[in-house]
Amino acid sequence: MSICIGVVINPLAGVGGAVGLKGSDGPATVAEACARQASFDAPKRALPALLRLRAAADPARFHVVTAAGAMGEDSCRLAGLDARVVAWATRSPSSPADTAAACRAFIDAGADLIMFAGGDGTARDIAAVAGTHVPMIGIPCGVKMYSGVFALTAARAGEVAVQCALGPFDVQAVELLDIDEAELRADRASSRLHGHVLAPVDRTRMQASKAHVPDSGRADIDAACRQLAGEFERDALYIVGPGTTMATLCERAGVRGTMLGVDAIVNGNVVAADASEATLLKLLDKWPSASIVVGVIGRQGCLFGRGNQPISAPVLARVARQRIEVVASVHKLLSLVDGRLFVDTGDADMDRALAGPLRIRTGANRSMVMRLTY
């Protein structure tokens, strides 16, 4: 039995991430990202998924339908996948309507599974068509990837698709989440549950949806942040990720941070607020002695690659691994699905370099060691 897999790529996905725009939704955001010299990396980031599917699955067990050009055809060709084009974009670059139309064409062609490259916004576009009738696998290429439909990395998405092609597969309803980007850019988090979609069951390769974890350890977090801020060195650069825990760290360091952006601190001053990748790289030229400090996404467990894209693989390559600090409460760490922390920088070599045991501050003079995977 051969299953039909629909493959669609949102070429604009993630374009606003590294340049500090916190998303890619809407023509105005794309235009601003272009003005900031953003790169369009979604087709490249999707390639490992397609390569895994091409290499590991028996071609007799599956066939692929896709959309023309940058929406899937080009990447399938690069991966050596024989894909039949059943949809064409009405404009360039493609729009959410083109993504939805491609998925309708996939379903008309008999798709049993849709594998898409994008973020939460793209997932919503596809869910409006697929509903709870056709399961989905998200290749993480966007900025906001908090829904449970995404695999941990692009390669893992391909592995899930391979398992689906090998035989009958179980599916489950997962949460479809998205964050209002306008609110996010105004430093206000406003995530919403937009319903549920079907995704293959794979606890090893699929991520959990982001969730707010009621934190019973605020006093411990405050103590950990106070101690860490007291250890900040003179003339050293501290790159601080987004989130409420990092906002506490900024307060204890005596600065006002942008809670949902990436900030840079030197000698008790914010030298860059809501920084982009390019800004961080310039700061690292000026202050090569640097540390990166991040929190943990509740329940999901991603450290890099979800919502903090300015801390990119090139930025991480400039900071010694032992100078990466993670702060999280014991309660939040225990809430992680399968106790898993992971990274998804889009650079396989960097992900491998980051993997391994990692010490996490859970309080003043308190820590836990957990394994970081990819």
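Note down the magnitude of the dipole of the chain about its Cα centre, charges +1 on Lys and Arg C-beta and -1 on Asp and Glu C-beta and zero elsewhere, to the nearest 20 debye.
Here the chain has a charge dipole of around 680 debye.
Could you report segment 1-109's accessible area per residue, 1.4 Å probe, as an integer in Å²?
With all protein chains present, segment 1-109 gives 46 Å² per residue.
Please report, to one decimal in angstroms, the Kirkwood hydrodynamic radius of the chain built from all distinct Cα-Cα pairs. List each step's numbers first, then the result.
On the way: mean 1/r = 0.0480 Å⁻¹.
Computed over Cα pairs of the chain, the Kirkwood hydrodynamic radius comes out at 20.8 Å.
Hey, any idea what % of the chain's accessible area is carbon plus sulfur with a 1.4 Å probe? Provide the component values of the computation, followed by the final result.
On the way: 7720 of 15310 Å².
The C+S portion of the solvent-accessible surface of the chain is 50 percent.
Calculate for the chain the 222 nm mean residue ellipticity that helices alone would give, adding -39,500 (n - 2.57) per DSSP H run of length 4 or more and normalising by residue count, nearest 500 deg cm²/dmol.
Per the formula, -9500 deg cm²/dmol.
Express in nm, to one decimal, how much length is gained between T204 and N365 on full extension, taking 0.36 nm for each residue of separation and deducting their alpha carbon distance. Don't skip to the answer; put the middle values down first.
Values: separation 161, 0.36 × 161 = 57.96 nm, distance 3.22 nm.
This chain segment gains 54.7 nm when fully extended.
Can you compute 3J(HN,Hα) from phi for each residue in segment 100-115, using the Karplus curve 6.51 cos²θ - 1.76 cosθ + 1.60 with θ = phi - 60°, rounded to whole Hz and x for Gly and Pro?
4, 5, 4, 5, 4, 5, 4, 5, 5, 7, x, 4, 9, 7, 10, 10
Relative to the first principal axis of the alpha-carbon coordinates of the chain, what is the inclination of helix 42-56, with its axis defined by its Cα atoms, in degrees from 0 to 90 and to the nearest 10?
The angle comes out near 60 degrees.
Going by Cα centres, segment 77-128 and segment 6-30 are how many Å apart?
16
Extension gain A109-W88, at 0.36 nm per residue separation less the Cα-Cα distance, in nm?
Full extension from A109 to W88 adds 6.1 nm.
Just need the relative contact order of the chain here, percent rounded to a whole number, with Cα pairs under 8 Å and 6+ apart.
Numbers: 892 pairs, mean separation 55.7, N = 374.
Reported relative contact order: 15 percent.
Quick one: dipole size for segment 69-143, taken about the Cα centre, charges +1 on Lys/Arg Cβ and -1 on Asp/Glu Cβ, in debye to the nearest 20.
Computed charge dipole of segment 69-143: roughly 100 debye.
Per residue, what volume in Å³ does the Cα convex hull of segment 276-320 take up?
67
In square nanometres, what is the average projected area of the Cα convex hull of segment 43-135?
Projected over every direction and averaged, the Cα hull of segment 43-135 covers 5.7 nm².
Given springs between every Cα pair under 10 Å in a Gaussian network model of the chain, which of K210, K144, K286 has the largest fluctuation?
The residue that fluctuates most here is K286.
Report, in debye and to the nearest 20, how large the dipole of segment 65-105 comes out about its Cα centre when Lys and Arg carry +1 and Asp and Glu carry -1 on their Cβ.
Computed charge dipole of segment 65-105: roughly 100 debye.
Could you list log10 I(q)/I(0) for segment 1-100 at q = 0.12, 0.13, 0.19 Å⁻¹, which the Debye formula gives when each Cα is one point scatterer?
For segment 1-100, the Cα-only Debye profile gives -0.43, -0.50, -0.90.
Expressed in nm to one decimal, what extension gain is obtained for the pair R192 and R352 from 0.36 nm per residue of sequence separation less their Cα-Cα distance?
Residue separation times 0.36 nm, minus the Cα-Cα distance, leaves 54.3 nm.
Starting from the amide H of A236, placed 1.01 Å from N in the peptide plane, find each other amide H under 5 Å away whose residue is 5 or more places distant or on another chain.
Under 5 Å from the amide H of A236 lie the amide H atoms of N267, each far enough along the sequence or on another chain.
Quote the Stokes-Einstein diffusion coefficient, in whole µm² s⁻¹, for segment 191-274, based on the Kirkwood radius over alpha carbon pairs, a temperature of 4 °C and a viscosity of 1.567 mPa s.
The diffusion coefficient I find is 86 µm²/s.
To the nearest 0.05, what FRET efficiency results for A320 and D235 with a Förster distance of 22 Å applied to their C-beta separation?
Approximately 0.85, to the nearest 0.05.
At a probe radius of 1.4 Å, what is the per-residue accessible area of D112, in Å² to the nearest 10?
Roughly 60 Å² of D112 is accessible to a 1.4 Å probe.
The values are calculated or read from the model by the stated rules, or taken from the named source; none is laboratory data. What you are looking at is a predicted structure, and each value in this text was computed from that prediction instead of being measured. Neighbour counts are summed over all protein chains in view; Cβ atoms, including those assigned to glycine, are modelled from backbone coordinates with ideal geometry. Accessible surface is based on the protein model in full, side chains and every heavy atom, while ligands, DNA and RNA are left aside. Shrake-Rupley method; radii C 1.70, N 1.55, O 1.52, S 1.80 Å.
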